[in-house]
Amino acid sequence: MDNNAVNVTPKEPKKPFIQRLRESGCFSPFYVTVMLLFALSLVLYVLSRFITPLAEFLSRYPAHGIRFIMAKLTTWIPFSVAECIIILLPLMFVAYMVYAVRFIKHNTDGFGSKVLMPLVSIILIIGILFFSMFAPCYFRNPLSVNLGIEDAAVSGEELFETAVWLSAEIKNVTPDITFSASGESHMPCDYGTMATLINDAFDSYASGVDYISSFRSSPKPIALSEPMTYTHISGVYSFFTGEANINVNYPDFIVPFTMAHEMSHQRGIAREEEANMVAFLVCLNSNNPYVRYSGLSNVLSYVNSALYRADKELYKRFRNYYYPSELAKENSAYSLFFDKYRENVANDVTNAVNNSFLQSQGQSQGTKSYGLVVDLTVSYYKSLTQ
């Protein structure tokens, strides 16, 4: 017998790839459930892009339920959860990278289940929320169908008549509004009370239509509203927290309309021009003069610009004889306020991102789609006069 012989332990046969995946923990019940829900929500979203009745059904029922739950989960929190997440995102990313590096140094296996899959799951859950609660809303019935109004190109004369009507409505409420010497109007209440007034207006409006369901929620004031103003964003709906977030640095007359706009998104109105239109109708349903003033003046700014492009003679006539003097001073003060925020890189970047996102969701005109509220407003006014 050779005493110098070396005992060699035979290598264990390499396990099949599928078995190694199972044992890694990457296919735990939780991860499998998340992946299946993501696949289901993605399939339904893709189908909704081509099947309008499906998109309408999803928007009104299952998606509405998820939006309702998300809004109720965060509405009791007095600050914007979405803003906190965005502010802390760089710190969370650094913490994750440190954790991943330390795990690799001290462990030979388990990276997939304990490092990679948690991150993948978070990304998939965000995707599930977007595809299931908001994305189908971009492809539901056009608002004109749900309102029963004509969706057609408008003439300069129709724009003029609509502008005159909006101006008359503004003149009816301005006696009840306080303006400063510089021309700025002032909200007659604090932010929380205004949020209650917008909720009341939503309840009033939703009670008479079937395409939108109302529920009470708290639009969140953005803590970093002043730096946010450089992006030219007056509000944003964060689907992943269910919150309507409001830039409170903007002049007062912008805030109620922005609340109604973002809360329209929260209630399933995804297209920007339609959210503007619903915000306008909600403001008109308010008994508060300032809420009505906010809705009327914001929409008139779109109609005024469209009239200028369509017929300069009618535009001059409108500005000389019908345009509310109080609103002219308000807009002058607004222009002065906005001077320092006008041209900057932050606006260019956010505008490009928002433009690309809107186009990816079927809004071919991107950020210009906000102005399409003009056609809806003219059609709505025509329906009132017929």
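Throughout, read-outs are computed from the coordinates displayed, never taken from laboratory work. Everything numeric in this text was worked out from a predicted model, so none of it was measured. All Cβ positions, glycine included, derive from the backbone under ideal geometry; neighbour counts span all protein chains shown.
So the values come out like this:
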| quantity | calculated |
| --- | --- |
| 0 to 90° range, to nearest 10: angle between helix 117-133 axis and the chain longest Cα axis | 30 |
| Net charge, L58 excluded, C-beta distance under 13 Å - Lys, Arg +1, Asp, Glu -1 | +3 |
| Chymotrypsin sites (Phe, Trp or Tyr not before Pro) within the range 59-113: DSSP coil, no more than 15 neighbouring Cβ in 10 Å | W76, F79 |
| Span per principal axis, largest first, for the Cα atoms of the range 270-386 (Å) | 39, 35, 34 |
| Compactness of the chain as Cα Rg over 2.2 N^0.38 Å, two decimals | 1.25 |
| In degrees, nearest ten, helix 312-321 long axis to first principal axis of the chain (Cα) | 60 |
| Per-residue ³J(HN,Hα) for the range 298-305, Karplus 6.51 cos²θ - 1.76 cosθ + 1.60, θ = phi - 60°, Hz, x for Gly and Pro | 5, 6, 4, 4, 5, 5, 4, 5 |
| Cα pair distances exceeding 13 angstrom across the range 318-358, given as percent | 67 |
| Dipole magnitude (debye, nearest 20) for the chain, charges at Cβ of Lys, Arg, Asp, Glu | 1300 |
| 5 angstrom amide H check on Q361, placed H, neighbours 5+ away | none |
| Cα centroid of the range 109-136 to Cα centroid of the range 297-350, whole Å | 43 |
| Square roots of 5 times each gyration tensor eigenvalue, C-alpha, the range 126-261, largest first, Å | 27, 25, 16 |
| Karplus-derived 3J(HN,Hα), 6.51/-1.76/1.60, for each residue of the range 80-87, Hz, glycine and proline x | 7, 5, 4, 4, 4, 4, 5, 5 |
| 3J(HN,Hα) from dihedral phi, the range 103-116, Karplus parametrisation 6.51/-1.76/1.60, rounded to Hz, x for glycine, proline | 5, 4, 5, 10, 9, 9, 9, x, 4, x, 7, 9, 10, 6 |
| 5 angstrom amide H check on G235, placed H, neighbours 5+ away | N247 |
| Nearest 10 degrees, 0 to 90: helix 62-74 Cα axis against the chain principal axis | 90 |
| Equivalent ellipsoid, the range 97-154 (semi-axes from 5 times Cα gyration tensor eigenvalues, Å) | 49, 10, 6 |
